[in-house]
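Contents: one structure, followed by commentary.
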Amino acid sequence: MLERVGHTPLLRMERVGREYPTAEFYAKAEWFNPGGSVKDRAALSMIREGERTGALRPGKTILDATSGNTGIAYAMIGAALGYPVMLCLPSNASAERKRILSAYGADIILTAADEGSDGAIRRARRIHASSPQRYFYPDQYSNPANWQAHYHTTALEIWEQTEHSVTHFVAGLGTSGTFVGTARRLKELNPEIQCISLQPDEAFHGLEGWKHMASALVPVIYDARVADRDLVIQTEDAYRMAKRLAREEAMLVSPSAAAALVGCLQVAASLDQNKHERAVIVTIFADAAEKYLNERFWDESEGS
Ligand code: PMP
């Protein structure tokens, strides 16, 4: 299973975005990872680094706070390698997520819904502080092995799969590991590549996995200087795009993946049409729609 982490397909949009004839749109289909999301990369990297340094040894429990996908990744990898896993998550995480985590054998500690992921982070810190010998606390918000996973894998895959033609890299910010790690490496490979980060437009949003940095605990690994631009995305636009992606591209993806493509279209709209500026715009589709199928927007007709 763990050998299947990474090396995801790069899919080209065939219909969405055709109003921008000088732009090509591609997405890394991260739901092809064995745990179902981009976070398999970061979780595996942090666990392997923990083993390398000795911070993680047989007998220790992997402990962290996660809004979902990282937890699923820890639970899957913990099951593969034989480590117990304990996760703090907000109580309003969906029933499917809790079911997936417990199916892999993880222990779940629920924290107050109105405190969001920050409440879960504070609880994990307290548990770790109370018994540091018992737990391996990767702390995905502060752990360099999170962004380094993307520096060593995601960026190189994009570089190879586009045959070095990528001009723009666009990704949403959660822990920021995906954006920071991938952008750092792409900039080294070709400093001309424009790197654009995306955020929700307000603190209360429906883009699960993304952070509104102005109102959140800012991750230690986040480095705003890596971004050439930072754009904001509205949840409603992402919901509309999720439905379009299913119907027009046969890709059933999460709201955060759809939001990433909304960001790519914003980038395409800013290209210099007079100069026929060409662009190869690459983004990350963090996960598929399965975990979000209970959300009501799938039923709402356009314009309602
Ligand atoms: N989308 C989804 C669905 C996620 O779960 C995450 C991870 N929190 C992200 C995007 C953002 O990834 P990162 O933590 O690497 O910024």
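The values are calculated or read from the model by the stated rules, or taken from the named source; none is laboratory data. Since the model is a prediction, treat every value here as computed from it, not as a measurement. All Cβ positions, glycine included, derive from the backbone under ideal geometry; neighbour counts span all protein chains shown. Protein only, heavy atoms only, side chains kept; ligands, DNA and RNA dropped before computing areas. Shrake-Rupley method; radii C 1.70, N 1.55, O 1.52, S 1.80 Å.
Against the chain, whose longest principal axis comes from its Cα atoms, helix 177-189 is set at around 50 degrees.
Principal-axis analysis of the Cα atoms of the chain puts helix 255-269 at an angle of about 30° to the longest axis. Comparing mean-square fluctuations of E236, E19, E30 from a GNM of the chain with C-alpha springs under 10 Å, the top value falls on E19. For segment 103-170 versus segment 246-273, the inter-centroid distance based on Cα atoms is 24 Å. When the Cα positions of A216, Y20, P138 are compared along the charge dipole of the chain, P138 comes out farthest toward the positive end, with charges on each C-beta of Lys, Arg, Asp and Glu.
Magnitude of the charge dipole for the chain, about its Cα centre and with charges confined to Cβ atoms of Lys, Arg (+1) and Asp, Glu (-1), is about 940 debye. Starting from the Kirkwood radius over alpha-carbon pairs of segment 158-304, derive D by Stokes-Einstein at 10 °C in a medium of 1.306 mPa s and give it in µm² s⁻¹. Roughly 100 µm²/s, to the nearest whole number. Looking at M241, T53, W147, which one has the Cα that reaches farthest to the positive end of the dipole of the chain (charges on Cβ: Lys, Arg +1; Asp, Glu -1)? Result: T53, furthest along the dipole toward the positive end. The modelled label-to-label distance between R122 and L156, using points 7 Å beyond Cα along the C-beta direction, is 4.1 nm.
Note on segment 1-17 and segment 77-95: Cα centroid distance 25 Å, given to the nearest whole angstrom.
Here the accessible area of segment 39-136 is 50 percent carbon and sulfur, with a 1.4 angstrom probe and all protein chains present.
Candidates N92, A203, I77 compared by Cα position along the dipole of the chain: farthest toward the positive end lies I77, with charges placed on Cβ. With a Förster radius of 22 Å, plug the Cβ-Cβ distance of N274 and D228 into 1/(1 + (r/R0)^6) and report the FRET value to the nearest 0.05. Once rounded, the FRET efficiency stands at 0.55. In segment 126-169 the Cα-Cα distances spread across 10 Å bins starting at 0 as 24, 31, 21, 14, 11, 0 percent of all pairs. Computed on the Cα atoms alone, the convex hull of the chain gives a volume of 126 cubic angstrom per residue.
Against the chain, whose longest principal axis is taken from its Cα atoms, helix 116-130 shows a tilt of about 30°. The magnitude of the dipole of segment 39-136, with charges of +1 and -1 set on the Cβ of Lys/Arg and Asp/Glu and taken from the Cα centre, is near 240 debye. Pairwise Cα separations in segment 39-136 fall into 5 Å bins from 0 onward with the following percentages, short to long: 3, 15, 25, 26, 20, 8, 2, 0.
Measuring against 29 Å, Cα to Cα, the residue pairs K211/K243; K28/K60; K39/K243; K243/K275; K187/K211; K28/K243 contain K28/K60; K243/K275 as the ones spanning a longer distance.
In the elastic network of the chain, a GNM with C-alpha springs shorter than 10 Å, the most mobile of V16, V38, V166 is V16.
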